[in-house]
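The structure appears right after this line, and notes come after that.
The values are calculated or read from the model by the stated rules, or taken from the named source; none is laboratory data. Here the structure is a predicted model, which means the values were calculated and not measured. Neighbour counts run over all protein chains shown; Cβ positions are idealised from the backbone, glycine included.
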Amino acid sequence: MAEKKEFDNLNTGVLPTDIFEATNLDMKDILAPAAIKITPKDIYIGDKIARTLFVISYPRFLSQDWFTPVINLDKVYDISIMIHPVETELALRSFQKKVAEVQSQINERERKGFVRDPVLDIAYNDLEDLRDKLQQAQERLFDVGVYITVYANEKTELDKAESELKSILDAKLVYLKPAIFQQEQAYRSVLPLMTDELEVHYKLNSAPLSSIFPFVSFDLTSDKGILWGINRHNASLVLFDRFSMPNYNSVTFAVSGSGKSYTTKLEIIRTLMFDADVIVIDPENEYAFLAEATGGRFFNISLTSEHHINPFDLPAPRDDESGADVLRSNIIFLVGLFRIMLGGLTPEEDGIIDRAIAETYALKDISPDTDFTQLEPPLLSDFELVLSGMDGTESLLQRLEKYTRGTWSGFLNQPTNVDITKRFTVFSVRNMEDELKPVAVYIITHHIWTAIRKELRKRLLVVDEAWWMMKSEDTASFLFSLAKRGRKYFLGIATITQDVNDFLRSPYGLPILTNSSIQILLKQSPTTIDLVQQTFHLTDEEKYLLLESGVGEGLFFAGLKHVAIKIYASYTEDQIVSSDPAQMLAIAKAKKDLAEAQR
């Protein structure tokens, strides 16, 4: 039977190997669409419609960036630029003939007494100039074909895309035309096969040809730094190092729920991997889990907390400063603090407070001439004692009493027991009363600044919901001084806020913004978008992009460059940084289940 079967196969011309090869799929079979339909003007590829257009005419001069709007157009399209060098010897022969023709036309018009034609004169001068440059090898001539294939889901969408593309180039006197009855050849010419089947060329010399350079998409890809996100236009990576900028500061503006804290947490995780310390002022306990996951320290600052900061602490003087400088600086800080605590000071009260602070330090043998590094600093109750012995301080003592013996006494009148030597430190003020939050943030920020000045290290200070600090002139002024002086101490300030109006209304809002090399704009509210557009000089397209952005989408500014960005995180990062309530409940439940299982 086996022999009979083999004989039958031979008779019919069908070999076993033929049957196997008929079912063997090649890579081109996998990549090819299910069906292709070609019409005079379009080509249907699977569920997409494509149309290829070519450039048929250029103006006399091409500006350097004329092709940039096409490259950066937010459409799905392919561009093929076919460049065929022309032999200079052949080009010169052609030029000699063309120059003779133009010269003949000019002479004929002169002979007949016609008015001089400027078009002919310009053409003659251009031809002569180009011929000279070709002879001197300063220029070369090329046959150039520019083909653009636009894709869409529907024909109306394709017509709209073609119209938009034509309007952009028409304004630059560059004209496009669809490849009628040649869509198949045109489409193959755009594919990355290095074949020019359309062969619609225009002669260009080297200078105008260089203006078609296609790699002009805006990007912020560096060889160092952290990954901020993905460029929404060309899918390139937005890699950037804030510590490579003239200053290391950033501001983030976004409405609630747009992903600003998520973005900041991602930066923190990635910054920690590059040997930098991170300190966060957290108004909503959003960074507690991140501190736990990364082995950082979390300090809960409240009236009932066990963590305290004594505002009278004095740092050890640096090599470039004296004890008198440190003492004077801290007295100025304390005057500002009491101005916030006591609801403002009259000029007389300001002078009394200044003198009382100096006497309070003197009570502990601390003066500009002493070495106070080993001395115990005074407390707020010591300041109250000094103030009670001075004339005209009754009003001040009444307002101060609640901080020393009243309801709020547990907050300030304690020695410092906070250590911020860890790589990652979070100060939370969520449980602090709203009246005291500006005071708490002011003290925390000054304590951080003192520690930063003590030892030079690469550090990032994150101030979330910074509009709390912008409410008071003293706290806003202090934040501005940090932003302005931080670079000297290798410090970057990341200022985050959802209330753009309150931030920019402050006299220190715009100066902080101008002292920030990086700005991140995520989704904006319609009520504030006009102010944001005016402040950042946005185009209408960028304005509407911010209004329509999803979570984690917006604009990323770094110096003079900016790109549309989409924030991405790995699965592990997402589990750590997410503040989505549903996701956090799921994580809490998983941890509880794991703990019960381990029991």
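Here are the numbers:
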| item | result |
| --- | --- |
| Index of the failed condition, SER409 passing every other in (1) without any contact (Cβ under 8 Å) to a residue 60 or more places away in the chain; (2) touching a Lys or Arg at 6+ places or on another chain (Cβ under 7 Å) | (2) |
| Tally of residues being crowded, with 16+ Cβ neighbours inside 10 Å and either at pLDDT below 80 or farther than 18 Å from THR149 by Cβ (or both) across the stretch 57-70 | 4 |
| Only listed residue being within 18 Å of ILE443 (Cβ to Cβ), exposed (fewer than 13 other Cβ atoms within 10 Å of the Cβ) and hydrophobic (A, V, I, L, M, F, W, C), chosen from ILE340, ILE357, ILE353, ILE332 | ILE332 |
| All helices (runs of 4 or more DSSP H) inside the stretch 148-266 with 2 or more residues being surrounded by fewer than 19 Cβ atoms within 10 Å (Cβ to Cβ) and among the polar types (S, T, N, Q) | 155-170, 206-210 |
| Qualifying helices (runs of 4 or more DSSP H) (wholly inside the stretch 529-599; at least 1 residues being more than 17 Å from the chain's Cα centre (by Cα) and more than 30 Å from ASN72 (Cβ to Cβ)) | 571-577, 581-598 |
| Counted residues, the stretch 446-461 - those being touching a residue at least 40 places away in the same chain (Cβ under 8 Å) and within 22 Å of SER322 (Cα to Cα) | 8 |
| Within the stretch 417-469, considering residues that are among the polar types (S, T, N, Q) and under 27 Å from the mean Cα position of the chain (by Cα), the one surrounded by the fewest Cβ atoms within 10 Å (Cβ to Cβ) | THR445 |
| Residue check, LYS422 assigned by TED's automatic domain parsing to the domain that holds ILE281 and either without any contact (Cβ under 8 Å) to a residue 24 or more places away in the chain or not in a loop (DSSP other than H, G, I, E, B) (or both) | no |
| Filter pass, PHE54 being more than 12 Å from GLU184 (Cα to Cα) and surrounded by 12 or more Cβ atoms within 10 Å (Cβ to Cβ) | yes |
| Answer from ALA91, ALA137 - the residue that is assigned to a loop (DSSP other than H, G, I, E, B), over 22 Å from LEU173 (Cβ atoms) and in contact (Cβ under 8 Å) with a residue 12 or more places away in the chain | ALA137 |
